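The values are calculated or read from the model by the stated rules, or taken from the named source; none is laboratory data. Please read all numbers here as calculations on a predicted model, not as lab measurements. Counting neighbours? That spans all protein chains shown, and the Cβs are built from the backbone with ideal geometry, glycine included. What goes into the accessible areas is simple: the full protein's heavy atoms, side chains included, and nothing from ligands, DNA or RNA. Shrake-Rupley method; radii C 1.70, N 1.55, O 1.52, S 1.80 Å.
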Amino acid sequence: MEKRKYRILISGGGTGGHIFPALSIAGALKRRLDAEILFVGAEDRMEMERVPAAGYEIKGLPVAGFDRRHLLRNISVLLKLRKSLSMARSIVKDFKPDIAIGVGGYCSGPTLKAAQRAGVPTLIQEQNSYAGVTNKLLAEKADRICVAYDGMERFFPADKIVKTGNPVRASLTEKSRDRRAALESFGLTPDKPTLLVIGGSLGALTVNESLEAGLDKILDAGFQLIWQTGKNFGDRGPRAAKGKKGVVVTPFITDMASAYAAADLVVSRAGAGSISELELLGKPCILVPSPNVAEDHQTKNARALSDVGAAILVTDADARGSLVDTAVRTMSDRKALDSMSAAVSRLALRDSDQRIVDEVIKILNK
């Protein structure tokens, strides 16, 4: 390959499930290529902080998602989209990328559309088992579509699809974490099974309220709990756990590698990024899909695991009535935990960031 500095545009964000894969791909690109990387994100979302903190430049677009419940509010959404398309065209014209990569999120649409109109090669990374509307619209002119699930030719041209898996944050796989040390870092004992509940950065209200009501059941069964509530649950988690031993409540976990290492069972939403982490780490899990996502894609993600015995699916509607009982019953069954661990590990696709960079290099070499 000719040795020169490539210019690579990466667009996506909105949630950690989009940002972490994007940063993982950027890191792999920097290791493999002499590349100048520019991110494009939504100007009021978390990528505007996380990406610069990782050492990359980012441009923000005023793009927002469509409001399916209040259609009149979409007038402003359409105006923001029009402005974002104009800004994306300017970014592409000024930066002159050799390739544009979209990892999902509101900003991927206008950015990749602008790149395609300018004749810039594009690569889409579709993380979910059910493709989003934006990626389906972009697929016709995309050069490559990297996916994490089989059967994606339902949505995309089969000759463009490459199964790479979803990249995860490097800190989870850089080194293995010792269970005892991980538990001690949370002030917990290695003598009791531990349940990890991940509520997401904002907090999954149904999951949180299920834990709030059923906390004593978990502790009375002889289990420990690491409960990440997200920021929107306020002080309700700490109040529920006040005076109780064997429970750690926090709005955000900075050391997720230790949290996973400490866990015998994980309760989580069914975002593609979370599922990829659980697969790579071989963690038995109960998945509670969010009902507030496009095309109900989290339920489809969860079923891809539950149908092969790699996870237990509890619907959001059923969670308040059954989540804690299901967790206690599952934690009490070592054979079930081991079976799920083996099944979820078989689904893992490793080195996904490198596989995606392989495809980027093939496109650049054309």
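Numerical summary
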| item | result |
| --- | --- |
| With Cα atoms, 0 to 90° folded angle of helix 16-32 axis to the chain main axis | 60 degrees |
| Computed label-point distance, nm, for sites D94 and K163 using a 7 Å Cα→Cβ extension | 4.2 nm |
| D_trans [Stokes-Einstein, Kirkwood Rh over alpha-carbon pairs] for segment 254-357, 37 °C, 0.692 mPa s, µm² s⁻¹ | 234 µm²/s |
| Accessible-area order (highest first, 1.4 angstrom probe) of the listed residues V162, V324 | V162, V324 |
| Probe 1.4 Å, all protein chains present, accessible-area order of Y260, Y130, largest first | Y130, Y260 |
| Accessible surface, segment 103-225, averaged per residue in Å² (probe 1.4 Å) | 42 Å² |
| Largest-first ellipsoid semi-axes for segment 144-222, taking √(5λ) over the Cα gyration tensor eigenvalues, angstrom | 37, 20, 11 |
| Dimensions in Å of the chain - Rg and Dmax from alpha carbons | 20.9, 64 |
| Size of electric dipole in the chain: Cβ of Lys, Arg +1 and of Asp, Glu -1, about Cα centre, debye, nearest 20 | 860 debye |
| Unit charges at the beta carbon, dipole of the chain: most positive-side option, L85, P167, A28 | L85 |
| Nearest-10 value in Å² for the accessible area of R177, using the 1.4 Å probe | 80 Å² |
| Rg/Rh ratio calculated on Cα atoms of segment 254-299 (Kirkwood radius) | 1.00 |
| Unit charges at the beta carbon, dipole of the chain: most positive-side option, I37, V247, I124 | I37 |
| Efficiency of FRET from Cβ geometry, A54 and D191, R₀ 30 Å, rounded to 0.05 | 0.20 |
| Percent accessible area from carbon and sulfur atoms, the chain, protein chains only, probe 1.4 Å | 49 percent |
| Hits among lysines - C-alpha to C-alpha of K335 under 23 Å, sequence gap 8 or more where chains match | K192, K217, K283 |
| Links that overshoot a 31 Å alpha carbon limit, given the list K300/K366; K93/K160; K83/K300; K5/K141 | K300/K366; K83/K300 |
| Charge tally in the Cβ shell below 11 Å around A272, where Lys, Arg are +1 and Asp, Glu are -1, A272 excluded | -1 |
| Kirkwood hydrodynamic radius over Cα pairs of segment 70-170, then Stokes diffusion coefficient at 25 °C and 0.890 mPa s, in µm²/s | 171 µm²/s |
| Contour excess over end-to-end distance, with Cα ends at K141 and S76 and 0.36 nm allotted per residue | 20.6 nm |
| Principal axes of segment 76-117: Cα extent on each, largest first, Å | 32, 21, 13 |
| Candidate residues E126, E36: accessible-area rank, largest first, probe 1.4 Å | E36, E126 |
| Within the chain, percent of DSSP bridges classed antiparallel, to nearest 5 | 0 percent |
